[in-house]
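One structure below.
The values are calculated or read from the model by the stated rules, or taken from the named source; none is laboratory data. On a predicted model such as this, the values are computed, not experimentally measured, just so you know. Using ideal geometry, Cβ is built from the backbone for each residue, glycine included, and neighbour counts are taken over all protein chains shown. We work out accessible area using only protein heavy atoms, side chains counted, and drop any ligands, DNA or RNA first. Shrake-Rupley method; radii C 1.70, N 1.55, O 1.52, S 1.80 Å.
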Amino acid sequence: MSILFDSPPIAFVSRIPDTEAQQWLIVLNTLLPDNEVCLFDSLTTRQKQQCSLAVVANPDPAELRQLPNLQWVHSTWAGVERMVAELSVADSLVNDPLIKSTAFPIVRLIDPTLAHTMAEAVLAWTLYLHRDMPAYRAQQSAAQWLQRPYIAASERTVGVLGLGKLGALSAERLHANGFNVLGWSRHDKSFENIQTFAAEEGLSAMLAQSDIVINLLPLTDQTRGLLSTARFAQCKQGVSLINFGRGPTMNQADLITALGAGIVSHAVLDVFYEEPLPVNHPYWSHADITILPHISAPTSISSASKIVANNIREYYKTGRIPEAVDRQLGY
Ligand code: NAP
């Protein structure tokens, strides 16, 4: 028996593994019984013309271009830097005025569950650095019994770069666990228990006080390469770093130099210029780098699908497109 739908199909456009895409399709079609969500490859030419909405997960810009009537797209990811960059490159390469640009609104995933997952990861890896786990791991390899001095969390200052959906909750979680927490953002912000900083001078002041610096900034023209030799020089000697934002925010050659000079003592990295991290990359064998395979805050299909489906239902009911990312700003 075939079901007839009033609204045009919703395209699911992604470069994620097939099994994951199928999972998304099942949950979205269950949550949106009045719509038909279809994998891009299964759409007919006519359906591609009809699609006004796509749900995307790392989409191929060439496929989005084949949906000429898109009004907006909903990403299943919180970070859409790669998509924004790829679409802008794809648009710049097209000279044909008959081919529409891909300037439609991009709505990113804002999921409180994801923020909790990230805050948990931030706390876990801050504790890893705070309680000297890399050093004890190295001591074990050398069968060395050495008790390092204990430092209370309240004596440890943690600086969080980015106080958005993920950074704010992470900063609060760190404070709740006894750390002295500082935060940096583009605009001035106020939190009950977190001293905040903004703009250029604010960054220098925050770095100078932090024992551990955590990056939760989006990748934009302003944040690319932000953490470089000049910034490391403003940090406390022996600072530890956690990068859970995006790889290119931290200059990788400068990081290796700063680790070699003892300016940075350890770095926990979850995000990289190139992912997966190439097997011959010097990070893999570096004693003072802990590598995570981009797992600090994976999207939970179960919670994210409800948020995506709610936004889509609201759109069909009211015509309102949820707040989109600012393509000029990049986040
Ligand atoms: P968000 O809500 O958009 O917040 C971004 C924060 O960064 C805001 O506080 C913003 O300041 C600040 N910011 C942006 N540009 C800045 C600049 N030039 N100078 C100072 N502050 C700046 O983003 P989010 O949801 O928290 O996510 C942050 C990033 O986490 C994502 O973009 C993504 O790259 C990354 N992420 C990583 C994973 C993972 O598994 N590793 C998972 C999800 C997301 P204002 O508040 O003043 O605007």
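Model label points for ALA176 and ILE291, set 7 angstrom from Cα along the Cα-to-Cβ axis, are 3.3 nm apart. Rounded to the nearest whole angstrom, the semi-axes of the ellipsoid equivalent to the stretch 113-291, taken from the Cα gyration tensor as √(5λ), stand at 24, 20, 16, largest first. As a ratio to 2.2 N^0.38 Å, the alpha-carbon radius of gyration for the stretch 237-331 is 1.52.
At 0.36 nm per residue, and after removing the present C-alpha to C-alpha distance, how many nm does the segment from ARG137 to ARG15 gain when stretched out fully?
So the extension gain works out to 40.2 nm.
When the inverse distances between all different Cα atoms of the chain are averaged and flipped, the Kirkwood radius reads 21.7 angstrom. Using the 1.4 Å probe convention, the accessible area of the chain works out to 51 Å² per residue with neighbouring protein chains retained.
What number, rounded to the nearest 500 deg cm²/dmol, is the helix-based mean residue ellipticity at 222 nm of the chain, given -39500 (n - 2.57) per DSSP H run of at least four residues and division by all its residues?
Numbers: 11 runs with 119 residues, N = 331.
Helix contribution divided over all residues of the chain: -11000 deg cm²/dmol.
Just for the chain, what percent of DSSP beta bridges are antiparallel, to the closest 5? Given both bridge residues lie in the chain, the antiparallel proportion sits at roughly 0 percent.
Placing GLU120, GLU192 in order of accessible area, with the largest value first and a 1.4 Å probe, yields GLU192, GLU120. With a simple spin-label model that places each label point 7 Å from the Cα along the Cα-to-Cβ direction, the separation between LYS317 and SER300 comes to 2.3 nm. Between GLN328 and GLN195, the C-beta separation translates, for a Förster distance of 25 Å, into a calculated FRET efficiency of about 0.25. The share of accessible area on the chain that comes from carbon and sulfur is 54 percent, using a 1.4 angstrom probe. Kindly write out, for the stretch 155-171 in residue order, the coupling ³J(HN,Hα) from the Karplus curve 6.51 cos²θ - 1.76 cosθ + 1.60 (θ = phi - 60°), rounded to whole Hz, with x marking Gly and Pro. So the J values, rounded to whole Hz, are 8, 9, 9, 10, x, 10, 8, x, 10, x, 4, 8, x, 5, 5, 4, 4. For the stretch 4-49, the C-alpha radius of gyration sits at 1.12 times the compact-globule guess of 2.2 N^0.38 Å, with N the residue count.
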